[in-house]
Amino acid sequence: MKTLPLGVEPIVAPRIDFDESKSLIGLSHDEVSAKLKEIGIPEKQCRMRAQQIWHWIYFRGAKSFDEMSNISKDLRKKLSENFDVGRPEIIEALISNDGTRKWLMKFPDGQEVETVFIPESDRGTLCISSQVGCTLTCTFCHTGTQRLVRNLTPAEIVMQLLVARDHLNEWPSPSEGRLVSTIVLMGMGEPLYNFENVKKAMHIVMDDNGINLSRRRITLSTSGVVPEIYRCGEEMGINLAVSLHAVDDVTRSQIMPINNKYPIDELLTACKNYAGLKNSRKITFEYILLKDINDSDEDALKLVNLIKEYKIPAKVNLIPFNPWPGSNYERPSKTRVVKFSKLIFDSGISAPIRTTRGEDILAACGQLKSESLKARKSDGTFLS
Ligand code: SAH
Ligand code: SF4
């Protein structure tokens, strides 16, 4: 038998003939109810049946109608003839030396996305992708080298959470002590360029009939799509993280072309007005540290001044650059990173250095990219 390379988890999910067009995942209560009506279920039963099915999918984690024991055999048969609650194909499941996990899933049209789980001592964070590729071309980001292939559907966004919980054995949904306690929309893609689908998916994840994850436990990271920042606060009310990464427009435009469209002043004004602030929540500013580009003492002090000038309740997350094959930047020295952090802390703003997790399986921030078939074949980690 072929020995598995270190860090590869045997695939537990079988290949399932998943038919996304028939999937009930990613639909609202009303939409599920309407689908049931379409197959001839009496109208007055549809709402109740939709509730039952919803509970099985999102509370119990059912992957087939057969599991739905409080639904009659005949109806289960009819449901499985018409609909699907299965999972997509999981083509890679990796475990890092530090316990970080990464799943690569493939949808029926052949597109692939990555989802990362980062366990911590008392909780765990699931990093979800919102697009296949990204239209933006931030120069430090691996996803940015892959053009946008397409937006993910609400089903595909929610599916990432379901798959993670399948693998972590976290069904039925525990009320407390959850392994997946937090979601961050920080995987591949720009979530605010897929606003409607992300919004629908997050409403499903927050629904108290199912997964029931509080909006306070969800954070969306954006490169700064200003008009949708306003909508994000009003229509989802989840936490906001903004990839600032530079403190002057020249540098920011060089590394993040979106800055030409929405420069720093407009971005910080949107942050200041972010509706969530009403609940005294802080905005997180993500700041990647690139050697000799944005990592000087002056940059740190300017960052503090900007946050104070715009009066934004904020914390800063410092992310030392994570290299990827072919990248053109370097990570600053440890001393530089620590000094940068200290300067911000000294001004009264929290600025922890985010420890890199899952680097050995290319799961760290900015390392995700789906065109990995070649690499998988050559390094022998391809499982089928
Ligand atoms: N598109 C969104 C969310 C995905 S990226 C955004 O840009 O915010 C998640 C975070 O990883 C962002 O802060 C991004 O700037 C950062 N990132 C991208 N490439 C990186 C790299 N090579 N090293 C460290 N962080 C990176
Ligand atoms: Fe897209 Fe975010 Fe990567 Fe920029 S950092 S290319 S916005 S995924």
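The values are calculated or read from the model by the stated rules, or taken from the named source; none is laboratory data. Just so it is clear, the structure is predicted and the values come from calculations on it, not from any experiment. Here the Cβ positions follow ideal geometry from the backbone for every residue, glycine too, while neighbour counts run over all protein chains shown. The accessibility values were calculated without ligands, DNA or RNA, using every heavy atom of the protein model including side chains. Shrake-Rupley method; radii C 1.70, N 1.55, O 1.52, S 1.80 Å.
Please state which one of Gly189, Gly224 is under 17 Å from the mean Cα position of the chain (by Cα), of a type outside the set (Phe, Trp, Tyr) and farther than 30 Å from His29 by Cβ. Please lay out each step first, then the result.
Values: Gly189 fails: farther than 30 Å from His29 by Cβ.
Step by step, each of Gly189, Gly224 is checked, and only Gly224 is under 17 Å from the mean Cα position of the chain (by Cα), of a type outside the set (Phe, Trp, Tyr) and farther than 30 Å from His29 by Cβ.
Residues that are open to solvent by less than 50 Å² (accessible area, probe 1.4 Å) and under 30 Å from Val32 (Cβ atoms) number at least 1 in the following helices (runs of 4 or more DSSP H) confined to region 185-290: 195-206, 226-235. Taking region 332-359 as the range and being open to solvent by 40 Å² or more (accessible area, probe 1.4 Å) and among the β-branched types (Val, Ile, Thr) as the test, the residues that pass are Thr335, Val338, Ile353, Thr355, Thr356.
If only residues of region 193-221 that are within 12 Å of the chain's Cα centre (by Cα) and within 14 Å of ligand 1 (Cβ to nearest atom) are counted, the one that is farthest from Asn273 (Cα to Cα) is Val198. Of the numbered criteria (1) open to solvent by less than 30 Å² (accessible area, probe 1.4 Å); (2) on the phi < 0 side of the Ramachandran plot; (3) at pLDDT 80 or above, the one Gln51 fails is (1). When Asn305, Asn328 are screened for being in contact (Cβ under 8 Å) with a residue 60 or more places away in the chain and either away from ligand 2 (no atom under 16 Å from the Cβ) or part of a loop (DSSP other than H, G, I, E, B) (or both), only Asn328 passes.
So, in region 308-325, how many residues would count as being touching a Phe, Trp or Tyr at 6+ places or on another chain (Cβ under 6 Å) and in a loop (DSSP other than H, G, I, E, B)? First the steps, then the outcome.
Initial filter on region 308-325 (touching a Phe, Trp or Tyr at 6+ places or on another chain (Cβ under 6 Å)): 314, 316, 318, 321.
Checking the rest, the ones that are also in a loop (DSSP other than H, G, I, E, B) come to 321.
Final tally of qualifying residues: 1.
Can you say whether Phe83 is modelled with pLDDT under 95, open to solvent by 10 Å² or more (accessible area, probe 1.4 Å) and aromatic (Phe, Trp, Tyr), as far as the supplied structure shows? Step through it out loud before you land on a result.
On the way: modelled with pLDDT under 95: no; open to solvent by 10 Å² or more (accessible area, probe 1.4 Å): yes; aromatic (Phe, Trp, Tyr): yes.
For Phe83, the condition - modelled with pLDDT under 95, open to solvent by 10 Å² or more (accessible area, probe 1.4 Å) and aromatic (Phe, Trp, Tyr) - is not met.
Of the residues examined, Gln45 is one that is outside any strand (DSSP E or B), farther than 30 Å from Gly133 by Cβ and without any contact (Cβ under 8 Å) to a residue 24 or more places away in the chain.
Please pick out the residue among Asn294, Asn317, Asn322 that is open to solvent by less than 70 Å² (accessible area, probe 1.4 Å), modelled with pLDDT under 95, touching a Ser or Thr at 6+ places or on another chain (Cβ under 7 Å) and within 22 Å of Ser221 (Cα to Cα).
Working: Asn294 fails: modelled with pLDDT under 95; Asn317 fails: modelled with pLDDT under 95.
Matching residue, one of Asn294, Asn317, Asn322: Asn322.
With respect to Glu92, is the statement that it is within 16 Å of ligand 2 (Cβ to nearest atom) and part of a strand (DSSP E or B) true? Judged against the criteria, Glu92 is not a match.
Against the numbered list (1) open to solvent by less than 30 Å² (accessible area, probe 1.4 Å); (2) within 16 Å of ligand 1 (Cβ to nearest atom), Ile307 comes up short only at (2). From the list Leu179, Leu185, the lone residue that is farther than 19 Å from Lys282 by Cβ and touching a Pro at 6+ places or on another chain (Cβ under 9 Å) is Leu179.
Give the residues of region 86-95 that are closer than 19 Å to Val132 by Cα and open to solvent by 20 Å² or more (accessible area, probe 1.4 Å), sorted by residue number. If the condition is that a residue be closer than 19 Å to Val132 by Cα and open to solvent by 20 Å² or more (accessible area, probe 1.4 Å), then Glu89 is the only one that fits.
Being of a type outside the set (Lys, Arg), touching a helix residue (DSSP H, G or I) at 6+ places or on another chain (Cβ under 9 Å) and within 16 Å of ligand 2 (Cβ to nearest atom) is a condition met by at least one residue of region 230-239. Across region 22-39, not a single residue is classified as touching a Gly at 6+ places or on another chain (Cβ under 7 Å) and either part of a loop (DSSP other than H, G, I, E, B) or modelled with pLDDT of 60 or more (or both).
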